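Have a look at the structure below before the remarks.
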Amino acid sequence: MFAFSDALAGLTLAQREVAEHGDEPLVVVAGAGTGKTRTLVARVAGLLARGVAPERILLLTFTRRAADDMVARAAALTGQGQVPFGGTFHAVAYRVLAARAAEIGLVPGFGVLDPGEASDLMDLMRGEVGLAGTAVRFPRPATLVALYSRCVNRGQPLDVVVPAEFPWITPHLEAVAALFTAYTARKRATGVLDFDDLLLYWRAVLDATTGAPAFEHVLVDEYQDVNRLQVDIVSRLAPAGRGLTVVGDEAQAIYGFRGADSRHLRELVAALHGARVVRLEDNFRSRRPVVEVANVVRPTQDGAALRLRSTRGEGPPVRLVQCYDAAGEARAIVDDILRGHEDGVPLREQAILVRAGHHSDLIEVELSSRHVPYRKYGGLRFLEAAHVRDFVAAARLLDNPRDEVAWYRLLRLHPGIGAAHARHLLAAGDVARGDALAAGANLVALAPASVRQGLAATLGALAQAREGVGAGARADGVLSAVAPLVRARYPDAAARLGDLERLVDAAHAHERLSDWLAEVVLDPPASTGDLAGPPVLDEDYVVVSTIHSAKGLEWSHVHIPHVVDGIIPLDMSLGTPDGLAEERRLFYVAVTRARDELSLYAPLRLPYHRHAGDDRHGWAPLSRFVDDAVRAVVRVQEVEPARRALTVAVTGPVVVDLDDLWRVASPMSLEDPT
């Protein structure tokens, strides 16, 4: 038995209020660095201390790591073997649906399409409605998936979203509507769901559920990032708000492109009569100068009345470093990083946060030229690597041989089968209706003669893998099937097969292959390093990250380059007031990642073309977010361009004489000598 007083030790008054709150709706407005994770853990401990059964507590987050951390800390604090039910919205939705698949009309072992695979399916189908070809500009598959997802997550009709956010698609509106209708039907017919379907089906299950709610208490982290569909799910999990706890901060809502809306937190407070609102304002992360800048930068138009107070005391002033050009900015950043390293700050405690991945190009060149190791986040993820997607597609066929998208990818792995041949085989083999894996000979017979032997070997190995017992044995069989294809297709096959071997090792901890595949898709590793461990050649490295990927993280020293209009805020986001407001929130998130030192960099000149050899450039005005109020609380530092002085010995005054250029010959000298 644990003492709840242990969970309360060291909490502020506001945090204690959250931990001790009863069953009425509770909204926690948690500023950056205010210890919301510890507060939520104490809240869970308080519920368990009151006798609430762990299985009656649901914890919803936006990353599995956050959910696992909170659950583990609560279990360690309370000493209880049982832990609350927790995970991301999509992961919990999958577990609910997988447990009742046959009952609700889904294929047992149904596959989950990641956004890339959803794009593949759109690509397969868009020609059927006249959205492919070169006659005019047609929307790309990834754009179509983004449009589809935005409509679903916001609950907005296609003819509302397209004119406002995708106006160039307006001439194709009817064809897109037909494609989306067919896309939905094709997923149902082939037994696959995309990310949006997981939430749609979970909401439908909740609508069809009668009796008492499954959970007595529902805790939702990062509520400012929920979309309309997730709002609906939360409202059904806690219909009257009783037992509901949400934590969020409008000033940190940065996922509008996913359908999130920063206003949802405020709307929840208005909808839940009698909801208790608690504000966490004591910042345990950052020194006072960083917090002072954060308070000035923090958006106020959303009505989020919250002012941070640093508990860590004084520190060096925040710097605004004004550079001549982008190259000078890169040099200044690396100079500052190495200076910090000489002062005892490890490289891994220093981060460079950029608005978009390509904004770090020159900085990465400078880091490399000066032999400073770094790791970059926010680019290609592990699951987006081609060989990993190849493996996942093959593995999905074991439980769902009607998975058309998986077949499309697997067939194209074989030399001699291109996109057109693959489409023909899918249609002629009627893979969406039967078990093409069991009847592999039929598919092989339809393939080009040069491919039949290799295709037969692949299908035979997959059929054998399907007979395996347990996720690990079946994953081993899939790897045996795809290994020859990987060796034939990729020059660096050895490294790619090493990735897959580590991925397969993780499958041995699961019972069902379909559950493990869903976990990989819903919460993929960010890179191979997540499976293989940290780098062994150099354990210390600077972090280069997009601001979006840095959400929830912190470093001792943070460097933010390109603090100029057009980048922060990004020019493509300035079409609407909402876009500009989100850019300010993104800047606030970047600023609040710093614990000890924060440096902002603003180059005067930026190149027009990042990789061109010319010197064409534009003048870059300082970001509108760095106004007079911000400049009043930072130290401005100007970095002169690096120019080497050329010393020449002269013996006297220098005379420049151009008279010979202007001397005109006399008329006599111009006459014809003959």
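The values are calculated or read from the model by the stated rules, or taken from the named source; none is laboratory data. Owing to the predicted nature of the structure, the values given are computational and were not obtained by experimental measurement. As a convention, Cβ positions derive from the backbone with ideal geometry for all residues, glycine included, and neighbour counts pool all protein chains shown. To get the accessible areas, we keep the full protein, side chains included, count just its heavy atoms, and leave off ligands, DNA and RNA. Shrake-Rupley method; radii C 1.70, N 1.55, O 1.52, S 1.80 Å.
Below, the figures for the structure above:
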{"quantity": "Extreme residue, farthest from Gln252 (Cα to Cα), among residues of the stretch 191-214 that are buried (at least 20 other Cβ atoms within 10 Å of the Cβ) and hydrophobic (A, V, I, L, M, F, W, C)", "calculated": "Val192"}
{"quantity": "Residues being open to solvent by less than 80 Å² (accessible area, probe 1.4 Å) and either at pLDDT 90 or above or within 27 Å of the chain's Cα centre (by Cα) (or both) - total across the stretch 493-504", "calculated": "8"}
{"quantity": "Total residues in the stretch 446-473, condition assigned to a loop (DSSP other than H, G, I, E, B) and in contact (Cβ under 8 Å) with a residue 40 or more places away in the chain", "calculated": "1"}
{"quantity": "Criterion: closer than 27 Å to Ala385 by Cα and surrounded by 15 or more Cβ atoms within 10 Å (Cβ to Cβ) - qualifying residue of Ala101, Ala32, Ala19, Ala93", "calculated": "Ala93"}
{"quantity": "Filter result for Ala385 (modelled with pLDDT under 95, under 27 Å from the mean Cα position of the chain (by Cα) and surrounded by 22 or more Cβ atoms within 10 Å (Cβ to Cβ))", "calculated": "no"}
{"quantity": "Checklist (1) modelled with pLDDT under 85; (2) in contact with a Lys or Arg (Cβ under 7 Å, 6 or more places away or on another chain) applied to Asp68, failing item", "calculated": "(2)"}
{"quantity": "Test: residue in the stretch 4-18 that is under 31 Å from the mean Cα position of the chain (by Cα) and among the aromatic types (Phe, Trp, Tyr)", "calculated": "no"}
{"quantity": "Residue check, Asn295 crowded, with 17+ Cβ neighbours inside 10 Å and closer than 29 Å to Tyr374 by Cβ", "calculated": "no"}
{"quantity": "Breaking point among (1) modelled with pLDDT under 95; (2) closer than 30 Å to Pro115 by Cβ, for Gly344", "calculated": "(2)"}
{"quantity": "Qualifying positions in the stretch 426-436 - within 35 Å of the chain's Cα centre (by Cα) and within 17 Å of Val451 (Cα to Cα)", "calculated": "Leu426"}
{"quantity": "Matching residues, the stretch 414-427, being outside any loop (DSSP other than H, G, I, E, B) and either farther than 20 Å from Arg188 by Cα or open to solvent by less than 50 Å² (accessible area, probe 1.4 Å) (or both)", "calculated": "Ala419, Ala420, His421, Ala422, His424, Leu425, Leu426"}
{"quantity": "Matching residues in the stretch 440-459 - criterion: being open to solvent by 40 Å² or more (accessible area, probe 1.4 Å) and either in contact with a Leu (Cβ under 7 Å, 6 or more places away or on another chain) or closer than 27 Å to Arg188 by Cα (or both)", "calculated": "Ala441, Asn442, Leu446"}
{"quantity": "Selection status of Gly10, open to solvent by less than 20 Å² (accessible area, probe 1.4 Å) and either touching a helix residue (DSSP H, G or I) at 6+ places or on another chain (Cβ under 9 Å) or over 18 Å from Val218 (Cβ atoms) (or both)", "calculated": "no"}
{"quantity": "Selection status of Met125, in a helix (DSSP H, G or I) and farther than 28 Å from Val247 by Cβ", "calculated": "yes"}
{"quantity": "Ser119 being open to solvent by 10 Å² or more (accessible area, probe 1.4 Å), among the hydroxyl-bearing types (Ser, Thr, Tyr) and touching a helix residue (DSSP H, G or I) at 6+ places or on another chain (Cβ under 6 Å)", "calculated": "yes"}
{"quantity": "Options Leu338, Leu411, Leu353, Leu362; residue that is open to solvent by less than 10 Å² (accessible area, probe 1.4 Å) and in a helix (DSSP H, G or I)", "calculated": "Leu411"}
{"quantity": "Residue check for Arg605: open to solvent by 20 Å² or more (accessible area, probe 1.4 Å), modelled with pLDDT of 95 or more and among the basic types (Lys, Arg)", "calculated": "no"}
{"quantity": "Number of the exception - His510 against (1) open to solvent by less than 60 Å² (accessible area, probe 1.4 Å); (2) in a helix (DSSP H, G or I); (3) of a type outside the set (Asp, Glu)", "calculated": "(2)"}
{"quantity": "Qualifying helices (runs of 4 or more DSSP H) (wholly inside the stretch 133-214; at least 2 residues being within 21 Å of the chain's Cα centre (by Cα) and of a type in the set (Val, Ile, Thr))", "calculated": "141-154"}
{"quantity": "Residue match in the stretch 284-292 (condition: under 22 Å from Leu600 (Cβ atoms), within 24 Å of the chain's Cα centre (by Cα) and not in a strand (DSSP E or B))", "calculated": "yes"}
